[in-house]
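K.L.:
Input: one structure, supplied below.
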Amino acid sequence: LGGIVSWQGPCNCRGVPLPNLIRLPRGLPGFESIQELRITPHGVLPLFHLEGPASFWAVPVERLDQAYEAEISDEDAALLGPDRSNWRWLAILSMQDDELTANLLAPLVIDVAMGTAVQVVRSDQRYSHAHVVRPGKGAQC
């Protein structure tokens with residue numbers, strides 16, 4: 001699948017290694033025909049461009065909420081490898097009403113060892129699909 005792209009943040013935050021190309025066995029909700037995406041880091045920020053038949057921007061969920069509590073169903077976990085330390089959680093970004101928002105309700109989970117990803121939809125409403133992203137309000141290192 002190619003190499004690994006990574007971002008190492010300022011102030012020695014843990015790097016976020018991601019494969020260059022990810023496979024999506026079920027596609028993405030609303031984009032089920034998308035079966036793979038290329039990942040490109042954006043400069044020095046913890047920002048990733050996901051490119052395929054549709055294009056998305058994403059950030060690591062911990063950059064938006066250091067206390068984010070991950071939740072994944074057994075069905076979704078079965079699509080990823082068993083070693084959860086290889087999983088990286090990204091929030092997909094979008095613009096809503098002229099505000100930048102992140103989908104913390106349904107993050108994209110990537111198994112960096114397998115190059116496989118699944119968008120997991122939480123069973124609760126603890127997080128929003130439209131978490132407003134404000135400059136300077138991300139997680140601190």
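The values are calculated or read from the model by the stated rules, or taken from the named source; none is laboratory data. Everything quoted here is computed from the prediction, not taken from an experiment. No Cβ is skipped: glycine too gets one built from the backbone with ideal geometry, and neighbour counts run over all protein chains shown. Note: areas computed on protein heavy atoms with side chains; ligands, DNA, RNA excluded. Shrake-Rupley method; radii C 1.70, N 1.55, O 1.52, S 1.80 Å.
K.L.:
Can you find even one residue in segment 66-76 that is modelled with pLDDT under 90, under 21 Å from Arg122 (Cα atoms) and either among the basic types (Lys, Arg) or touching a helix residue (DSSP H, G or I) at 6+ places or on another chain (Cβ under 7 Å) (or both)?
P.N.:
yes
K.L.:
Then there's this: Examine segment 122-134 for a residue that is open to solvent by less than 50 Å² (accessible area, probe 1.4 Å), assigned to a loop (DSSP other than H, G, I, E, B) and in contact with a Ser or Thr (Cβ under 6 Å, 6 or more places away or on another chain), and state whether such a residue exists.
P.N.:
Yes, segment 122-134 has at least one match.
K.L.:
Please verify whether segment 55-67 includes one or more residues that are on the phi < 0 side of the Ramachandran plot, open to solvent by 70 Å² or more (accessible area, probe 1.4 Å) and touching a strand residue (DSSP E or B) at 6+ places or on another chain (Cβ under 6 Å).
P.N.:
Checking segment 55-67: at least one residue is on the phi < 0 side of the Ramachandran plot, open to solvent by 70 Å² or more (accessible area, probe 1.4 Å) and touching a strand residue (DSSP E or B) at 6+ places or on another chain (Cβ under 6 Å).
Table: residues versus (1) in contact with a strand residue (DSSP E or B) (Cβ under 7 Å, 6 or more places away or on another chain); (2) not hydrophobic (A, V, I, L, M, F, W, C).
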{"residue": "Phe48", "(1), (2)": "yes, no"}
{"residue": "Ser73", "(1), (2)": "no, yes"}
{"residue": "Pro82", "(1), (2)": "no, yes"}
{"residue": "Ser94", "(1), (2)": "yes, yes"}
{"residue": "Ala102", "(1), (2)": "yes, no"}
{"residue": "Met114", "(1), (2)": "no, no"}
{"residue": "Arg126", "(1), (2)": "no, yes"}
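K.L.:
Continuing with the same structure: Out of all the residues in segment 60-90, which are in contact with a Ser or Thr (Cβ under 9 Å, 6 or more places away or on another chain) and touching a residue at least 40 places away in the same chain (Cβ under 8 Å)?
P.N.:
Within segment 60-90, Glu71, Ser73, Leu79 meet the criteria.
K.L.:
Quick one: Gly52 ticks every box in (1) out of contact with any Phe, Trp or Tyr (no Cβ under 7 Å at 6 or more places or on another chain); (2) in contact (Cβ under 8 Å) with a residue 24 or more places away in the chain; (3) open to solvent by less than 60 Å² (accessible area, probe 1.4 Å) except a single one, so which number is it?
P.N.:
The one condition Gly52 does not meet is (2).
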